[in-house]
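A short reminder: the numbers here are calculations on the coordinates, not readings from a lab. Since we're looking at a predicted model, the values are computed, not measured. All Cβ positions, glycine included, derive from the backbone under ideal geometry; neighbour counts span all protein chains shown.
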There are 2 protein chains.
Amino acid sequence: MIDDSLDAAHGAVSVAELHLSDELTAAGAPPASADAAEYALRLGDDALILAQQLGAWISRAPELEEDVALANIALDLLGHARSLLHHAGSFDGRSEDDLAYFRDEHEFRCAWIVEQPNGDFAQTIARQFVVATYMVELYEALRRSDDATLAAVAGKARKEVDYHRDHAVQWVLRLAGGTDESRRRLIRALDDVWPYVDELFRDDDLIDRLEGTAVRPSSLRDGFDAVVSTVFTEASLTAPEVAASAAGGRHGSHAAPLGRILAEMQVLARRYPGATW
Amino acid sequence: MIDDSLDAAHGAVSVAELHLSDELTAAGAPPASADAAEYALRLGDDALILAQQLGAWISRAPELEEDVALANIALDLLGHARSLLHHAGSFDGRSEDDLAYFRDEHEFRCAWIVEQPNGDFAQTIARQFVVATYMVELYEALRRSDDATLAAVAGKARKEVDYHRDHAVQWVLRLAGGTDESRRRLIRALDDVWPYVDELFRDDDLIDRLEGTAVRPSSLRDGFDAVVSTVFTEASLTAPEVAASAAGGRHGSHAAPLGRILAEMQVLARRYPGATW
């Protein structure tokens, strides 16, 4: 009854001995510079917080099929977050777990859009549509980074966020073309998230210093707008006319929602550091 | 900027037109009998409720690596649940979504162990260890079912629950051999879940009527005990001496925790049936 795989589990190294860093650190990959580490935090925190938010949908989406889709997207994002936080930590010797669980709110560098609440299903989809469309443009360009680790992460992530965008686009079309109520909810949801679009495409001093390493956010805006325009045309939607939020997530300024998200995310690791009690 | 995959998404059928039933119903697969449907509900509900519970760990586990592991396990279980509920619904024309979201508490057939709270990490691991060890024995035997759909689901699930068991075993060993505190918490967690082990191995009239189709739960106990004994010996643990709970999940009797789990799981689908508003 005790099969080979169980025996293998017994004979193998324990989980405690398996370290992600062994998987992630390509032999000889240089540590991140201070600036590249800060940039990796921005990207990694976007992925981490969005993954956490999407995880809340497991078994709560309107369809089991959709549960599976959102959980798969969350898993992809967790993978990107781990790689990016690992790279960020290579600068000063912190692990990806240190960065995920032991930073305070003002140390997080995610954009405000990923902190926006799940809301109803349409609000989650509107947020996904914006973020995934942005991420496709981002990772496509980041593949040419002169930071080999960032380029490698982008190469892998590019394929995955492509699926995330297709998933969101299909739902936007479905909700827009469904009932009066689904269309009304989608339009409201797009209005809710649109103030946070602008932040994703803002340049700053860090970006100026990382020429050739980071992607200039403003350079991604045309591609983003083209996709949005195509989808909105097909869905007979017009772009929301709302003022951009002053959102300052890239510099550690966050609104109330992030505090709640971090409280849930960090409670266990902080209460029992190392998780070995 | 608008690449082929986006174009493909536009040209392809919308999500609304993609139905799981097309994937799951093998051509010519006969619908479940009334008894087989009831049996499939027991197995499907175990998987569904456990998946929902594990989903709550996304980004909240003590390590990002563990987040990914638990999320993957939850996804596997969701897959099993969908297949099993789909089969159960083939008896009377209900969809897997009808069964997941529109049954009331007394209509659920899950065992009480999967309803037990996540608790601290050790409690989640103790629950995983029991359930995954049981599921390996269950699906191994169910592969020989004369119900072709159940046999096919079991064939696929068998490989996946093998990994779930290995994962739990490694954590049991790690916690047992860690610090005094981790060992104390694990022992407490095993004491907490052990009263609910017995229910998994109880036969009843339904099982008698399904000779050759269902697996006789009592026939799985020796295999379960052998694995537990091996692991406990290696971890220098003794089996908890606790009285078995009268747990009656297989007949729709549930305790308070399931009500809370279902409330979270079903709220969206019930508020907006069809999710198209």
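Quick notes on this one:
- Cα centroids of segment A:149-213 and segment B:27-46: 40 Å apart.
- Sequence of A:Met265, B:Met135 once ranked by neighbouring C-beta atoms within 10 Å, starting from the fewest: A:Met265, B:Met135
- Cα long-axis angle, helix A:148-176 against chain A (0 to 90 degrees, to the nearest 10): 40 degrees
- Spherically averaged projected area of the protein assembly as shown from its Cα convex hull (nm²): 24.9 nm²
- Candidate aspartates and glutamates - alpha carbon under 17 Å from A:Lys159, same-chain residues fewer than 8 apart omitted: A:Asp76, A:Glu137, A:Glu140, B:Asp3, B:Asp4, B:Asp7
- Taking the longest Cα principal axis of chain B as reference, the axis of helix B:34-55 is set at about 70 degrees.
- Share of pairwise Cα separations in segment A:98-189, more than 19 Å, in percent: 54 percent
- A label point on B:Gly177, set 7 Å along the Cα-to-Cβ line, lies at 5.8 nm from each of its counterparts in the other copies, closest listed first.
- Size of electric dipole in the protein assembly as shown: Cβ of Lys, Arg +1 and of Asp, Glu -1, about Cα centre, debye, nearest 20: 600 debye
- Sorted from closest to farthest, the other copies place their A:Arg143 label points 4.0 nm away, with each point set 7 Å from Cα along Cα→Cβ.
- The H on the amide N of B:Ala32, modeled in the peptide plane, is under 5 Å from the matching H of B:Ser90, B:Phe91, each at least 5 residues off or on a different chain.
- Hydrodynamic radius by Kirkwood, which averages 1/r over all alpha carbon pairs of segment A:142-277, in angstrom: 18.1 Å
- Inter-copy separations for B:Ala246, label at 7 Å along Cα-Cβ, nm, ascending: 6.4
- Modelled label positions at B:Thr238 and A:Lys159, each set 7 Å beyond Cα in the direction of Cβ, lie 5.3 nm from each other.
- Relative frequency of Cα-Cα separations exceeding 29 Å in segment A:27-271, percent: 25 percent
- Between segment A:105-143 and segment A:68-88, the Cα center-to-center distance that results, in Å: 13 Å
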